[in-house]
Structures are given as structure tokens and as C-alpha cells.
Amino acid sequence: MPILVKDSEKCVGCLICMFACNRTHQSAGLESSCIKVRSQGGISRGFTVFVCRGCQDPPCARACPEDALLVRKGGGILLNESKCNGCGYCVNACILDAIGWNSKTNKPVICIQCGECAKNCPYKVLELRAHDKE
Amino acid sequence: MIKNDPLTRVLYIDLTKKRFWIEEREDLFSQFLGGTGAAIKLLQENCPPDCDLFSPENPIIFAIGPLNALFPIASKTVAMFKSPHTGNLGESHAGGRSAIAIRMAGFGAIVIKGRSEKPCYLSIHDDKVFFRDATTLWGLREGVSAGRLIRRKEPGSGLRTIMRIGPAGEKLISYACVTLETYRHFGRLGLGAVFGSKNLKAILVTGQRDLPVTDFKEYKSFYSEILKQLTKSEKMKKYHELGTPANVLPLSFSKGIPIKNLLTNELAGIENISGESFAEKHLGRRVACAHCPVACIHLAALRKPYKDEPYFYRTVYLSYDYELIYALGSMLGINDSVSVLRLIEEVEDMGLDAMSTGVILAWITEAYEKRLINKTHTNDITPEWGKADAYIEIIKNIIRGTNEFYQDMGKGVEFASEKYGGKDFALTYGKNEMPGYHTGYGAHLGYLFGARHSHLDSAGYAIDKEAMKKSLSENEITERIFTEEIWRQVISSLVICFFGREIYTPEMILKCLNLTGFNLDEKGLLTMGREIYANKYRFKIACGFNLENLTFPKRVFETPSSIGPLNEEFANKSIKLLKEKIKSLL
């Protein structure tokens, strides 16, 4: 069940999704969020949301030298914290820039496909949806 | 307070010595929450009341509060300084990403002192402050904006705030604003000129961190409850759909929107500058401040053809609000939306406070009509109601300071009317130009006695709305204004956007505060509010503000308001009552 960015043109840049993601990762604030919202070169041009799309064959997992990222059935990954050495290769491997970083734990923040961001988005920019069956 | 909450850290920056340090100030935040409460204490500590307005001693203070980055719509930063416009308390509030960025950088307040030898901008990344050269950005007029250049050079995209000044701030126009995130402003009372006097072009702040709460499970469920109310409640609808310009038509109907320097209360074709009309013709995008689901920022897309090149257009996005439509529209007798937007663009490009600019242009027009000034003053420009081209030229002349008259116009209506006459129609209150509500006694009393002479100090227009249904006595009106301003000290210490005030009831606020480690009751909050309000007045008076001899501009009595013609006797009695109430605080 990956998160889809339905229409980033509708994004108002309120960051409510980032705060929701942070709460999912058991904290208030923004450091534990794996979502990024960026203006497209100035606010007048609107925003782009960078959120994990739950790749079937995720490059982040392939890049991990410690096998700390487990590929889930149906897309998405799980982080095995005890294996993670904090190298950050996964962050660089994600072309969507959808992996966060917690500087206190020195470990990545990985989307758990919970859908809280979509549920909280006031403008339905994000949607939680099952992978299309081909 | 929660022990490891970074809110208590105050970042001090000395521009003269290029030094910075952090002080732990739990005392400040536990006693006054943050925001306006903390800022006024920091101002009292760091600003000699008799200091010269453009001297290095005049500090710039930014403060946020415990609810920022924890609860939605707590999205504002309070700026404090000694105002170059009024000579006393300078206080202005802005959203954008500023509050979240300062909280995420790990501070509750920032105090900037001294003066940089050369133009500079500050880049604040968590605990580090970089003093960057801005000589190339100074005087930048065309082509590329300072904001865009800084965006390109600095990290932190998506979470950072970039506060910057335009030409008006560099030229020390007393009502220059500070712009952030392109569309939000520390608009009123001249913070831009204080930046300019310090050779400070811009400030970037960024950071990212988690924050502590007392009970995470409870926090999560309470957050959801507030978010639901903010997105679903009817109370928020007006900000949500048409935005603040929804007020243009109702206020025009009730004769509350000032027209042509308040010479009249009728403007033919006002429906062309209504919120409905702007939405239909121009609304191109809606955006939000960080951590606010409301997205009240309405951007108009204005397509402008190039005069010298066929089939070449540029499309600019401009933020419009009720106050801008009033100041740069109805107040100038302008009844077409494109003209309003062209004036908004000019004011934005120059970095001026839109409200003061509009009132100054209106005063110039009437002074010209009454022959107090003539073409030698205006450099052959004829100011005329409804004519945007002339107004744009006048603004350019004020910025350039092309002659003595225009240099004087850069100091506000109070200064202008003292020198050139026309005091009876000078719409200023404590030297600050009038906001867009001629709704009744409440509005005018609020401007006159509000600590920052703003319509948002006590929202007198809302009290007038009540008085339209059932008349209120002098006692009732002044009591409401007084208690509202006290309560608003609490809201702006947290710092919640005033648009969320109906959702954030005292009960809600106490619960939020509890989750951030403050154990207070409603009485305690109000005591705090009174003390903060008193501190502001103490500072004003120390700067030389005189509570005596305050009156409404004469014009106010000449044009009927929403509650009908205003009576001088009623006004004077109310002024006397409110003055006594404020004195009782001190």
C-alpha cells in the first residue's frame, strides 16, 4: 500500500503531512519525518511533495551494505535498526529524496506506509493506494 | 516547562563584532510563555528607551512560543524593536515559515544588536551563525531578487525562512517592511528600516529537530482533535475559501470600508474589487504558512503584456488580502482589480507596508485637491482618485527621495500633516496609519490605544459588529477592548495566529500548555496577559509616548460609519475611560 502523490499542484505547503509523519515515528517536531515538501523555486510556483512510493524493488534496500532494510511484500521496506550502521547509503540511493534522517539516533527514518500523511493532508494531495495489479 | 525544551535558549547576535552567543533563559519563558511576552522583556533589557531609532543600540528581537511546531496554526513569530515610524514600541507579527524555522533551529528568541560595517545577511543553521557578505544584494532593483539569490546559495530548502528587506528598508523609509517567503510580512511600524540601519539585508533561519511533550499519546490524540476543528469548523470557513477579502462586500454594505481618505462611504463599482471578484478573475494558487492547514494566502495570477514586444507576457503571482484591497484600492478610489494588483506589485517590490503606503497616497491626493501641495511638490505628477499610474509614480519618487516633499512622505502621514497642514484629514493613530475599518467606536479606540496601534490589537471592528445589533455604552465598549487586548497578549505569546482564536479557547490553550509542561489556570493566563500588556505600555511611555491628548482624527466624525455618524462626546468619554483602564495597569 504505497502513498501516491495525487496532485502536487494542489499542495499549499502547510507541512501538516511532515508533522503527521513525525508523530507516526513517535515524536513531535520534524526531525523524525521522512517526507519533504519543497517549493518549486519560490513559493509562487507551488510545491512538490517527496514521499516514499513503496518501490517493489527498492534501490535503498539494494544500497544497504548491512541488509538492514527488508523489502516488504506489496512494496515498502522495514528498517532493522540493530543492523543499521548509519552509513546513509540508503538516503543517497533514493531518487525521490524520501528517506529522512534522525541525527540523534544517526539512523534513517523510513516510511512505514501507514498512510497518516494522506489522512492528515487537508487538501488530498496524498493518497494511500494499493499497487496497481498489472 | 519541560526540561530539555530548546524554547528557553536565546540566540544573541552582535553585528558590529560579528559575534554570537546563546543564553539559557528559562526565567523569561516560564514567566511570560514566549512570543510577545518574552519579546517585550527582551526589548526592555536590550533597548535603551531614549536610543536613536537608527543607532546600533536599537535591537531587533524575534520571539516564538511553546506551541509553535507542536500545534497547528501556532505559526507566528513576534518581532520587536523601537519603531522608526512612531518612536516607541515597534511590534509586528508574521507567519510564513519563520516560527517553525526558529523553533526547529532550537531557539525561543533571537536578539540582534549592533550594526554591520558592510551590507550583510545572516545565515542561522541550528547553533551556527554565519555572517555573509551582502554588498552585491544591496541596491538590487531589477532582474533577480535577493530572496532568489539567497535561496540558491544556502541549504535548508523546504524548512527555512528568509526574511529580507527591499529598497524601502535600505533607504530607511519609516514604514518599510520585512518580507518573508515572498508573501508574508512583518508589515507595520518599520522593521525594514531598522534592518536597513544595521546594514542587514536578510536573515535565513533553518533547522530540524524533534520536540518534547509531557504525554505523547495524549498529545497525538489532542493534535488530531484540533486539526479536525481547524479544517472542518464553520468558524474557519471565511479564511479558507475567499480569504480575508470576503469582507469587502459586507463592509462596503455596512459603510465600514474607508473610501477616498474617508471623504465618503460610497464607491461605485466596489464589487469589482470584492473577494468574489478577485477569486473569479485572478485567484491562481493558494498557499499556507508552515504548520497551518487553513491556507489563507490567496495568490492572484496577473498576466502583464510587454509594451515593446508583441506576444511576450510575464505572469506574476501576488498575494492579496482585505487590508491591501482597502489601502491600495478603496482608500484610493480604485475600483478595478488589475489596478489594485499593479499597486500591490509595486509595494511588494519596494518592500513597503501596504497599509501605511495607501493612507499616505490618500492623504497626498486630498492635500493636492485642497491645494496644500502642488505640482512643484509632486514633480508634476497629478495624484487623482482611481488613477493607479500616478500612484505608482509617486511610490517610486518616495523610494528615490527625489525632492524634499517625497523625502518627507517617507516619514508617514503624521509627519507630512504637521509640516504641510491637513491634520484634520490625516488618518493616523499614535503616528500609525489607519487600518481598513471605519466600523464604529470600537475600531478607532483600538487603533488609538492598542499598544501597536493595529486593528489586531483588540479587533474593535468585531465589537462594532455587535454594536450594530445592540448599541453598547462607553463603558461596555472600552471594557471589551481592554479585556480583548489583554487576552490577545496570551495568544500572541504562544504564538497562535489570531485567525485560530475561536478554536483556541482558554480551555484548549490550557490543555496545549499542559502538554508542553506549563501548569496554569485561566486566571494565571489572564494575569500574565495583563502583565505583558503593562510591560508594553511601560516601554511606550519610557520612549515618550503620551497617553494624554489622544483623539480621533477629525475626519472620522465627518463620514458616517457602520454604526452611523460618530459622536465626539461619546468618543471623548470612551477615550477617557480607556485611558484610565490602561493607567490602572501601570
Of (1) farther than 30 Å from B:THR77 by Cβ; (2) within 14 Å of another protein chain (Cβ to nearest Cβ); (3) modelled with pLDDT of 95 or more, B:SER319 satisfies every one except (1)
Could you please find all residues in the range A:67-86 being more than 17 Å from A:TRP101 (Cα to Cα), modelled with pLDDT of 90 or more and part of a loop (DSSP other than H, G, I, E, B)?
-> A:ASP67
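Whether any residue in the range B:452-460 is touching a strand residue (DSSP E or B) at 6+ places or on another chain (Cβ under 7 Å), in contact (Cβ under 8 Å) with a residue 60 or more places away in the chain and closer than 26 Å to B:ALA99 by Cα is what I want to check.
Within the range B:452-460, one or more residues are touching a strand residue (DSSP E or B) at 6+ places or on another chain (Cβ under 7 Å), in contact (Cβ under 8 Å) with a residue 60 or more places away in the chain and closer than 26 Å to B:ALA99 by Cα.
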Being within 11 Å of chain A (Cβ to nearest Cβ) and at negative phi, is that true of even one residue in the range B:76-93?
-> no
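If you go through the range B:256-276, how many residues are outside any helix (DSSP H, G or I), buried (at least 19 other Cβ atoms within 10 Å of the Cβ), at pLDDT 95 or above and among the polar types (S, T, N, Q)?
Within the range B:256-276, residues that are outside any helix (DSSP H, G or I), buried (at least 19 other Cβ atoms within 10 Å of the Cβ), at pLDDT 95 or above and among the polar types (S, T, N, Q) number 1.
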Would you please list the contacts, defined by Cβ atoms under 8 Å and residues six or more apart or on different chains, that run from a residue in the range B:11-38 that is touching a residue at least 60 places away in the same chain (Cβ under 8 Å) to a residue that is of a type in the set (S, T, N, Q) and surrounded by fewer than 16 Cβ atoms within 10 Å (Cβ to Cβ)?
-> B:GLY37/B:GLN31
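Kindly evaluate B:THR439 against the criterion of being in contact (Cβ under 8 Å) with a residue 40 or more places away in the chain, buried (at least 23 other Cβ atoms within 10 Å of the Cβ) and not in a loop (DSSP other than H, G, I, E, B).
Values: in contact (Cβ under 8 Å) with a residue 40 or more places away in the chain: yes; buried (at least 23 other Cβ atoms within 10 Å of the Cβ): yes; not in a loop (DSSP other than H, G, I, E, B): no.
The answer is no for B:THR439.
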Within the range B:572-582, tally of residues that are farther than 10 Å from B:THR478 by Cα and within 26 Å of the chain's Cα centre (by Cα) = 1
Please work out which residue is farthest from the chain's Cα centre (by Cα), limiting yourself to the range A:34-74 and to residues that are basic (Lys, Arg) and within 14 Å of chain B (Cβ to nearest Cβ).
-> A:ARG45
Odd one out for B:LEU510 among (1) at pLDDT 95 or above; (2) in contact with a Phe, Trp or Tyr (Cβ under 8 Å, 6 or more places away or on another chain) | (2)
Within the range B:109-128, how many residues are more than 16 Å from B:ASN46 (Cα to Cα) and modelled with pLDDT of 95 or more?
-> 11
Restricting to the range A:14-33, what's the tally of residues that are at the interface with another protein chain (Cβ under 8 Å from one of its Cβ atoms) and in a helix (DSSP H, G or I)?
-> 4
In contact with a helix residue (DSSP H, G or I) (Cβ under 7 Å, 6 or more places away or on another chain), of a type outside the set (Asp, Glu) and either over 30 Å from B:THR214 (Cβ atoms) or surrounded by 19 or more Cβ atoms within 10 Å (Cβ to Cβ) (or both): does that describe A:ARG23?
-> yes
Could you grab me the full set of residues in the range B:524-556 that are in a helix (DSSP H, G or I) and either touching a His at 6+ places or on another chain (Cβ under 9 Å) or free of Cβ contacts under 8 Å to residues at least 12 places away in the same chain (or both)?
-> B:GLY524, B:THR527, B:VAL556
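Among strands (runs of 3 or more DSSP E) lying entirely in the range B:1-69, which contain 1 or more residues that are of a type in the set (Ser, Thr, Tyr) and surrounded by fewer than 20 Cβ atoms within 10 Å (Cβ to Cβ)? Before you say what the answer is, go through the steps one by one.
Working: elements: B:9-14, B:19-24, B:60-63.
Where strands (runs of 3 or more DSSP E) fall fully within the range B:1-69 and carry at least 1 residues being of a type in the set (Ser, Thr, Tyr) and surrounded by fewer than 20 Cβ atoms within 10 Å (Cβ to Cβ), they are B:9-14.
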Can you tell me which residues in the range B:198-214 are aliphatic (A, V, I, L, M) and either in contact with an Asp or Glu (Cβ under 7 Å, 6 or more places away or on another chain) or within 14 Å of chain A (Cβ to nearest Cβ) (or both)?
-> B:LEU204, B:VAL205, B:LEU211, B:VAL213
Going through (1) in contact (Cβ under 8 Å) with a residue 24 or more places away in the chain; (2) closer than 16 Å to B:LEU578 by Cβ; (3) among the polar types (S, T, N, Q) one by one, B:THR483 fails only at (1)
Among the helices (runs of 4 or more DSSP H) lying completely within the range B:282-374, list those that include at least 1 residues that are over 21 Å from B:ARG400 (Cβ atoms) and touching a Lys or Arg at 6+ places or on another chain (Cβ under 8 Å).
-> B:337-350, B:354-369
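Taking the range B:271-298, which residues are out of contact with any Phe, Trp or Tyr (no Cβ under 8 Å at 6 or more places or on another chain) and either more than 9 Å from chain A (Cβ to nearest Cβ) or more than 18 Å from B:ARG184 (Cβ to Cβ) (or both)?
Step one: list which residues in the range B:271-298 are out of contact with any Phe, Trp or Tyr (no Cβ under 8 Å at 6 or more places or on another chain), which gives B:271-274, B:276-277, B:279-281, B:283, B:286, B:288-290, B:292-293.
Those that are out of contact with any Phe, Trp or Tyr (no Cβ under 8 Å at 6 or more places or on another chain) and either more than 9 Å from chain A (Cβ to nearest Cβ) or more than 18 Å from B:ARG184 (Cβ to Cβ) (or both): B:GLU271, B:ASN272, B:ILE273, B:SER274, B:GLU276, B:SER277, B:ALA279, B:GLU280, B:LYS281, B:LEU283.
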Looking at this structure, is B:MET508 more than 15 Å from B:GLY34 (Cα to Cα), part of a helix (DSSP H, G or I) and either hydrophobic (A, V, I, L, M, F, W, C) or touching a His at 6+ places or on another chain (Cβ under 8 Å) (or both)?
-> yes
Do you know which of the residues in the range B:129-170 that are surrounded by fewer than 22 Cβ atoms within 10 Å (Cβ to Cβ) and in contact with a Pro (Cβ under 6 Å, 6 or more places away or on another chain) is farthest from B:VAL347 (Cα to Cα)?
-> B:THR135
First in the range B:138-157 and within 12 Å of another protein chain (Cβ to nearest Cβ) and over 18 Å from B:GLY169 (Cβ atoms), second anywhere and of a type in the set (D, E, K, R) and part of a loop (DSSP other than H, G, I, E, B), Cβ under 9 Å, 6 or more apart = B:ARG151/B:ARG160
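The values are calculated or read from the model by the stated rules, or taken from the named source; none is laboratory data. Everything quoted here is computed from the prediction, not taken from an experiment. Please note: Cβ atoms are built from the backbone with ideal geometry, for glycine as well, and neighbour counts cover all protein chains shown.
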